[in-house]
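Undergrad: Below: one structure in C-alpha cells.
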Amino acid sequence: MDLVTTPLADIAPRVNAARAAYDRGVTKPLAWRVATLKRMRDLLVEREDRFLDALAADFGKPRAEAWLTEIGFTVSDIDHTLANLSSWMQPEKVPTPLAFKPGTSEIVHEPVGVVSVISPWNYPVQLLLVPVVAAIAAGNAVVAKPSELVPHSAAELVDLLEALHEPAVATVQGGVAETTELLAQRVDHIIYTGNSRVARIVMRAAAEHLTPVTLELGGKSPAIVSRHADVALAARRIAWGKFVNAGQTCIAPDYVLVERQVHDALVDGLAAAITQFYGSDPRTSPDFTRIVNAPHFHRIEKLIHSGTVAIGGTTDADERYIAPTVLTGITRDDPVMGEEIFGPVLPVIAVDSLDEAIRFVNDGAARGDKPLALYTFSGRDADNEAVIAGTTSGGVCVNGTLMHISNPHLPFGGVGESGMGAYHGRHGFE
C-alpha cells in the first residue's frame with residue numbers, strides 16, 4: 001500500500017483550524033469531551049476487523065495479540081477515562097494559611113490548547129489513540145500523526161479520527177518532511193513516542209516555541225533473575241514479554257541478568273516456553289509477528305552474531321522473519337548490548353550475585369541508558385526490594401513483564417534517555 005501524505009501547505013491550516021476550535025471553547029465542556037470519547041470508542045469497536053486486517057497487512061500481527069494490545073487496551077483506557085473524567089475535572093481544595101483566612105484556595109485543571117501526538121509504528125493504534133484520549137479528556141484540541149511505516153494502520157487511524165467530524169481533531173500523514181512541518185507549528189504540548197534520536201529533534205523544535213514535551217522512548221530494559229526465583233515461571237513470563245510483537249515493544253525485556261546457579265535452568269525454561277507459545281517451528285505459528293520492514297530486519301539480524309546462539313537464530317529476509325532467539329556468552333562489549341534490540345533476540349548473561357546485576361544496570365545508567373522498564377524475579381521479597389532500591393527505571397514489574405502498563409492508576413513514562421513525562425489514566429489527563 002502506498003503511503004498517503006498530507007500536502008505540506010495543508011499542515012499549518014490544519015493546526016490553525018484545531019486552534020480556532022479550541023479558542024471558540026468547543027473542547028472545554030465536559031459534554032464535548034465525553035461525547036467525543038464515546039464516539040471514538042464506538043468507531044474503534046465497529047471497525048475492529050478493519051484494524052486487525054490493517055495490522056496483519058503491515059507486519060503480520062496475530063489477531064488475538066493485536067486485539068489484546070491494541071483494540072482492547074485502547075477501549076479499556078477510554079472506559080477508565082469516561083468513568084473518572086467528571087471527578088478528575090473537579091477543582092481540588094487545598095489548605096489556606098491562617099493569615100489569608102477567610103480566603104480559600106483550590107487547584108483548577110485547565111486545558112493547555114493544541115496538543116500534537118506523534119506516534120510510532122510498533123503499536124500504532126494504542127500509541128496514537130491513548131495519548132489522543134488523554135488530550136481530549138483534558139479539554140484540548142489535537143493534531144495526530146500516525147507512523148508512516150505502517151501505512152494500512154495509519155490509513156485506518158486517520159479515517160477513524162476524521163469520522164469524528166470534530167474541527168478540534170486534526171490529522172497529518174507522512175514521513176520526515178511532514179513531521180518536520182508539523183513540528184514547525186506552534187502548539188501547546190507535544191507527546192512523541194519513538195527513539196531517542198528523533199526525540200532530540202522533537203525537543204529542539206519544541207524549544208523554538210518553549211513548548212513542553214512528553215517523550216516516551218525506550219532503551220535496554222533488563223530482567224534480573226535471582227537464584228531464589230521460580231525459574232520456570234520467570235522463563236515463561238520473560239519469553240512472553242520479549243517475543244510478543246516479535247520483540248518490537250519499547251518495554252520488552254532487552255536482556256536478562258541471571259544468577260549463575262540457575263543460568264542453565266533459565267535457558268532451558270526459555271526454550272520450553274518458546275515451544276509452548278509458538279510450536280517447534282515458530283515460522284509456521286499463527287501467533288508470531290514479523291519484523292516491520294527490511295532495514296529493521298537486517299539491523300536485528302546482525303545482532304544475532306554476538307555470543308552463542310542457544311535457541312533459534314533462524315532468519316528469512318523474504319518473510320522478514322527472525323525466530324525467537326536466545327544468546328548466551330554475551331559481554332557488555334558485544335554489539336547486541338550496544339543498542340536497544342527491538343526485536344526477538346534475547347541475550348542472557350550470568351552474574352555471580354544480585355549486587356553484580358545491580359551494578360551492571362547502573363553502569364549502563366551512568367552512560368545515560370536508564371531503562372524504561374525493569375523486571376525482577378525472585379521468591380524473596382528482600383531480593384526484589386534490593387533490586388528496586390538499587391536501580392532507576394521508568395517502571396518496575398515484580399515477577400512479571402509488561403503488565404505494569406495495564407494498570408491505569410500507574411503513570412507510564414521513562415527517565416533520562418528513556419523519556420520524560422508520563423501518561424495513562426489520570427496521569428495523562430494531568
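The values are calculated or read from the model by the stated rules, or taken from the named source; none is laboratory data. Remember, it's a predicted structure, so these values are computed and weren't measured experimentally. All Cβ positions, even for glycine, are placed from backbone atoms using ideal geometry, and neighbour counts span all protein chains on display. Ligands, DNA and RNA are excluded from the accessible area calculation, which covers all protein heavy atoms including side chains. Shrake-Rupley method; radii C 1.70, N 1.55, O 1.52, S 1.80 Å.
Undergrad: Considering only region 337-359, how many residues are within 20 Å of residue 264 (Cβ to Cβ) and either modelled with pLDDT under 95 or of a type in the set (Asp, Glu) (or both)? I'd like the intermediate steps shown before the answer.
TA: Step one: list which residues in region 337-359 are within 20 Å of residue 264 (Cβ to Cβ), which gives 345-354, 356-357.
When the remaining residues are screened for being either modelled with pLDDT under 95 or of a type in the set (Asp, Glu) (or both), the result is 352, 356.
Residues flagged as within 20 Å of residue 264 (Cβ to Cβ) and either modelled with pLDDT under 95 or of a type in the set (Asp, Glu) (or both) within region 337-359 amount to 2.
Undergrad: Of the residues that make up region 33-50, is at least one open to solvent by 60 Å² or more (accessible area, probe 1.4 Å), in contact (Cβ under 8 Å) with a residue 12 or more places away in the chain, among the basic types (Lys, Arg) and touching a Gly at 6+ places or on another chain (Cβ under 9 Å)?
TA: no
Undergrad: If you take the residues in region 374-388 that are within 17 Å of residue 356 (Cβ to Cβ) and part of a helix (DSSP H, G or I), which one is nearest to the chain's Cα centre (by Cα)?
TA: The residue in question is 388.
Undergrad: Please go through region 154-197 and pick out each residue that is of a type in the set (Val, Ile, Thr) and touching a Ser or Thr at 6+ places or on another chain (Cβ under 9 Å).
TA: From region 154-197, those of a type in the set (Val, Ile, Thr) are 158, 169, 171-172, 176, 179-180, 187, 190-191, 193; that's our starting set.
Of everything in region 154-197, those that are of a type in the set (Val, Ile, Thr) and touching a Ser or Thr at 6+ places or on another chain (Cβ under 9 Å) turn out to be 158, 169, 171, 172, 187, 190, 191, 193.
Undergrad: Continuing with this model, one more query. Residues of region 1-35 being within 13 Å of residue 85 (Cα to Cα) and assigned to a helix (DSSP H, G or I), which ones? Walk me through it before giving the result.
TA: Taking region 1-35 and keeping what is within 13 Å of residue 85 (Cα to Cα), we get 28-35.
Within region 1-35, 30, 31, 32, 33, 34, 35 meet the criteria.
Undergrad: Let me ask you something else. Can you pull out the residues in region 137-172 that are touching a Pro at 6+ places or on another chain (Cβ under 7 Å) and farther than 24 Å from residue 420 by Cβ?
TA: Quick first cut of region 137-172, residues touching a Pro at 6+ places or on another chain (Cβ under 7 Å) only: 138-140, 146-147, 150, 153-154, 157-158.
Those that are touching a Pro at 6+ places or on another chain (Cβ under 7 Å) and farther than 24 Å from residue 420 by Cβ: 150, 153, 154, 157, 158.
Undergrad: Do we find a residue being touching a strand residue (DSSP E or B) at 6+ places or on another chain (Cβ under 7 Å), part of a helix (DSSP H, G or I) and farther than 26 Å from residue 262 by Cα anywhere in region 274-296?
TA: Among the residues of region 274-296, at least one is touching a strand residue (DSSP E or B) at 6+ places or on another chain (Cβ under 7 Å), part of a helix (DSSP H, G or I) and farther than 26 Å from residue 262 by Cα, which makes the answer yes.
Undergrad: Which of (1) open to solvent by 20 Å² or more (accessible area, probe 1.4 Å); (2) free of Cβ contacts under 8 Å to residues at least 24 places away in the same chain is the odd one out, the single condition residue 285 does not satisfy?
TA: Going through (1) open to solvent by 20 Å² or more (accessible area, probe 1.4 Å); (2) free of Cβ contacts under 8 Å to residues at least 24 places away in the same chain one by one, residue 285 breaks only (1).
Undergrad: Does residue 333 satisfy the criteria of being open to solvent by 20 Å² or more (accessible area, probe 1.4 Å), of a type in the set (D, E, K, R) and in contact (Cβ under 8 Å) with a residue 24 or more places away in the chain? Lay out the reasoning, then the answer.
TA: Working: open to solvent by 20 Å² or more (accessible area, probe 1.4 Å): yes; of a type in the set (D, E, K, R): yes; in contact (Cβ under 8 Å) with a residue 24 or more places away in the chain: no.
No.
Undergrad: Assess whether residue 213 counts as being free of Cβ contacts under 8 Å to residues at least 24 places away in the same chain, in contact with a strand residue (DSSP E or B) (Cβ under 8 Å, 6 or more places away or on another chain) and surrounded by fewer than 23 Cβ atoms within 10 Å (Cβ to Cβ).
TA: Details: free of Cβ contacts under 8 Å to residues at least 24 places away in the same chain: no; in contact with a strand residue (DSSP E or B) (Cβ under 8 Å, 6 or more places away or on another chain): yes; surrounded by fewer than 23 Cβ atoms within 10 Å (Cβ to Cβ): yes.
Taking the combined requirement at face value, the residue does not satisfy it.
Undergrad: Here's something else I'd like to know. State which residue pairs qualify: first residue under 24 Å from residue 256 (Cβ atoms) and inside region 401-420, second residue open to solvent by less than 20 Å² (accessible area, probe 1.4 Å) and of a type in the set (Lys, Arg) in any location, beta carbons under 8 Å apart, and separation of 6 or more residues or different chains.
TA: Here the result reads 401/242, each pair linking region 401-420 to a residue that is open to solvent by less than 20 Å² (accessible area, probe 1.4 Å) and of a type in the set (Lys, Arg).
Undergrad: If a residue has to be surrounded by 24 or more Cβ atoms within 10 Å (Cβ to Cβ) and either touching an Asp or Glu at 6+ places or on another chain (Cβ under 7 Å) or assigned to a helix (DSSP H, G or I) (or both) to count, how many in region 251-268 make the cut?
TA: Residues flagged as surrounded by 24 or more Cβ atoms within 10 Å (Cβ to Cβ) and either touching an Asp or Glu at 6+ places or on another chain (Cβ under 7 Å) or assigned to a helix (DSSP H, G or I) (or both) within region 251-268 amount to 2.
Undergrad: I'd like the residue in region 413-430 that is in a helix (DSSP H, G or I) and under 14 Å from the mean Cα position of the chain (by Cα) and, out of all such residues, is nearest to residue 219 (Cα to Cα).
TA: Of all residues in region 413-430, those in a helix (DSSP H, G or I) come to 416-418, 425-429.
This time we only want the ones that are under 14 Å from the mean Cα position of the chain (by Cα), so: 418, 428.
Values: 418: 6, 428: 22 Å.
Ranking the qualifying residues of region 413-430, first place goes to 418.
Undergrad: Would you be able to tell me the number of residues in region 299-325 that are farther than 19 Å from residue 59 by Cβ, in contact with a helix residue (DSSP H, G or I) (Cβ under 8 Å, 6 or more places away or on another chain) and open to solvent by 60 Å² or more (accessible area, probe 1.4 Å)?
TA: Matching residues across region 299-325 total 2.
Undergrad: On the given criteria, is residue 409 over 24 Å from residue 227 (Cα atoms) and either of a type in the set (S, T, N, Q) or open to solvent by less than 40 Å² (accessible area, probe 1.4 Å) (or both)? Show your work before the answer.
TA: On the way: over 24 Å from residue 227 (Cα atoms): yes; either of a type in the set (S, T, N, Q) or open to solvent by less than 40 Å² (accessible area, probe 1.4 Å) (or both): no.
For residue 409, the condition - over 24 Å from residue 227 (Cα atoms) and either of a type in the set (S, T, N, Q) or open to solvent by less than 40 Å² (accessible area, probe 1.4 Å) (or both) - is not met.
Undergrad: Take region 306-352 and flag every residue that is touching a Lys or Arg at 6+ places or on another chain (Cβ under 9 Å) and hydroxyl-bearing (Ser, Thr, Tyr).
TA: 314, 321
Undergrad: Same structure again: Looking only at region 51-71, filter to residues that are surrounded by 16 or more Cβ atoms within 10 Å (Cβ to Cβ) and free of Cβ contacts under 8 Å to residues at least 12 places away in the same chain; which one of those is nearest to residue 321 (Cα to Cα)?
TA: Checked region 51-71; the qualifying residue nearest to residue 321 (Cα to Cα) is 56.
Undergrad: Looking only at region 2-16, which residues are surrounded by fewer than 16 Cβ atoms within 10 Å (Cβ to Cβ) and among the aliphatic types (A, V, I, L, M)? Outline the logic, then answer.
TA: Residues of region 2-16 that are surrounded by fewer than 16 Cβ atoms within 10 Å (Cβ to Cβ), as a first pass: 2-5, 7-10, 12-13, 16.
Selection gives 3, 4, 8, 9, 12.
Undergrad: Within region 187-209, can you find the residues that are free of Cβ contacts under 8 Å to residues at least 60 places away in the same chain and either closer than 19 Å to residue 141 by Cβ or small (Gly, Ala, Ser) (or both)?
TA: Residues satisfying the conditions are 205, 206, 207, 209.
Undergrad: Ok, one more. Out of (1) part of a loop (DSSP other than H, G, I, E, B); (2) exposed (fewer than 14 other Cβ atoms within 10 Å of the Cβ), the odd one out for residue 340 is which?
TA: Single failed check for residue 340: (2).
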